[in-house]
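The block underneath contains the structure these notes are about, expressed in structure tokens.
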Amino acid sequence: MRVANDSNPATSVTVGARAISIKTQPVSAGVLKRHHLITADPDDDRLFPYKVLRTRIWREMQENKWSSLAVTSAKPGEGKTVTAINLGISLAMMGEDYTVIVIDLDMRRPNVSKCFEIVPQHGIADYLRGEVTIDEVLIDPGIARLLILPGNKAVSKSSELLSSRRLSALFQELKAIYPASIVIVDLPPLLSTDDVLVVLPHVDTSVLVVEDGKTGTDELSKAVSILQQINFLGTVLNKVDVMEGNYY
């Protein structure tokens with residue numbers, strides 16, 4: 001694991017009169033593959049399914065002028081974090097004039113940084129508490145047009161923190177810094193905590209990751225009924241065990 005701190009190289013972005021500096025922590029193809037994340041390698045057998053998913057989601061987002069998407073699951077261990085990151089990577093691969101930002105709001109079990117083998121000095125919870133600025137949390141993992149806003153430690157009273165005004169400020173500030181952006185939010189499992197209900201009003205749409213053979217019919221119906229209260233795009237079926245990394 002590599003620590004992302006102030007000694008890491010940084011990229012600069014100017015917003016009005018303010019220049020922000022974003023830490024760069026490039027990840028290798030080996031790290032991506034080890035955590036079942038897609039690469040630009042045409043021989044990567046995970047690439048095609050995510051391109052299909054990306055195309056369908058991107059079309060809906062463009063037609064509806066949406067710019068933010070939540071990714072959740074009914075239960076833990078269904079592959080939502082890998083799906084959120086891979087969707088972000090595949091959107092960034094399009095080469096469009098957009099910045100894709102993956103935010104880890106699964107605050108009880110933040111795993112986005114672990115998938116990149118990065119140990120952040122600051123996490124999204126620090127920003128929500130008002131302890132750090134947005135550029136102290138943003139990390140450039142060395143993938144063109146992709147940024148991550150990771151967590152760095154588990155938060156027990158996460159719903160209270162997410163209910164603060166700083167969550168609205170987060171989305172507003174990201175839009176000010178990156179007017180042309182797509183935000184992918186990794187949320188906790190829907191039936192495990194009320195955190196998802198707190199965050200959903202702040203995003204445009206959502207998808208539900210389902211592992212084949214794991215999610216019961218009643219659990220799936222309950223999760224879908226909750227997500228349908230906003231612009232629910234549908235389910236992403238995880239074909240096999242998440243450790244195999246194969247999705248469709």
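The values are calculated or read from the model by the stated rules, or taken from the named source; none is laboratory data. Only a predicted model underlies this, so the values are computations on that prediction, with no experimental measurement involved. Counting neighbours? That spans all protein chains shown, and the Cβs are built from the backbone with ideal geometry, glycine included.
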task = Pick out the one residue from Arg54, Arg46 that is touching a residue at least 12 places away in the same chain (Cβ under 8 Å), of a type in the set (Lys, Arg) and either more than 20 Å from Ser181 (Cα to Cα) or surrounded by 22 or more Cβ atoms within 10 Å (Cβ to Cβ) (or both).
result = Arg46
Residue list for region 79-101, restricted to those being in a loop (DSSP other than H, G, I, E, B) and buried (at least 24 other Cβ atoms within 10 Å of the Cβ) = Gly79
key: Candidate set: region 114-134, residues that are out of contact with any Lys or Arg (no Cβ under 8 Å at 6 or more places or on another chain), crowded, with 20+ Cβ neighbours inside 10 Å and in contact (Cβ under 8 Å) with a residue 60 or more places away in the chain; chosen: the one nearest to Lys23 (Cα to Cα)   = Pro120
inquiry  = Which residue is modelled with the lowest pLDDT, if the candidates are limited to region 238-248 and must be surrounded by 14 or more Cβ atoms within 10 Å (Cβ to Cβ) and out of contact with any Lys or Arg (no Cβ under 7 Å at 6 or more places or on another chain)?
reply    = Val242
ask   = Is there any pair with a first residue in region 159-177 that is part of a loop (DSSP other than H, G, I, E, B) and a second that is crowded, with 17+ Cβ neighbours inside 10 Å whose Cβ atoms are under 7 Å apart and which are 6 or more apart or on different chains, and what are they?
value = Ser163/Val198; Ser164/Leu128
ask   = Which ones in region 102-144 are assigned to a helix (DSSP H, G or I) and either charged (D, E, K, R) or in contact with a helix residue (DSSP H, G or I) (Cβ under 7 Å, 6 or more places away or on another chain) (or both)?
value = Val112, Lys114, Cys115, Ala125, Asp126, Tyr127, Leu128, Ile134, Asp135, Glu136
Residue within region 192-203 that is charged (D, E, K, R) and surrounded by fewer than 22 Cβ atoms within 10 Å (Cβ to Cβ) present = yes
ask   = Can you find a residue in region 186-209 that is closer than 27 Å to Ala92 by Cα, more than 17 Å from the chain's Cα centre (by Cα), among the hydrophobic types (A, V, I, L, M, F, W, C) and not in a loop (DSSP other than H, G, I, E, B)?
value = no
key: Qualifying residues in region 210-234 (those that are of a type in the set (Asp, Glu) and not in a loop (DSSP other than H, G, I, E, B)) - the one surrounded by the most Cβ atoms within 10 Å (Cβ to Cβ)   = Glu211
request  = From the list Ser181, Ser163, pick out the single residue that is of a type in the set (Ser, Thr, Tyr) and either touching a Leu at 6+ places or on another chain (Cβ under 8 Å) or crowded, with 17+ Cβ neighbours inside 10 Å (or both).
outcome  = Ser181
note = If we keep only residues of region 135-147 that are in contact (Cβ under 8 Å) with a residue 60 or more places away in the chain and touching a Leu at 6+ places or on another chain (Cβ under 9 Å), then the residue farthest from Val199 (Cα to Cα) is Ile143
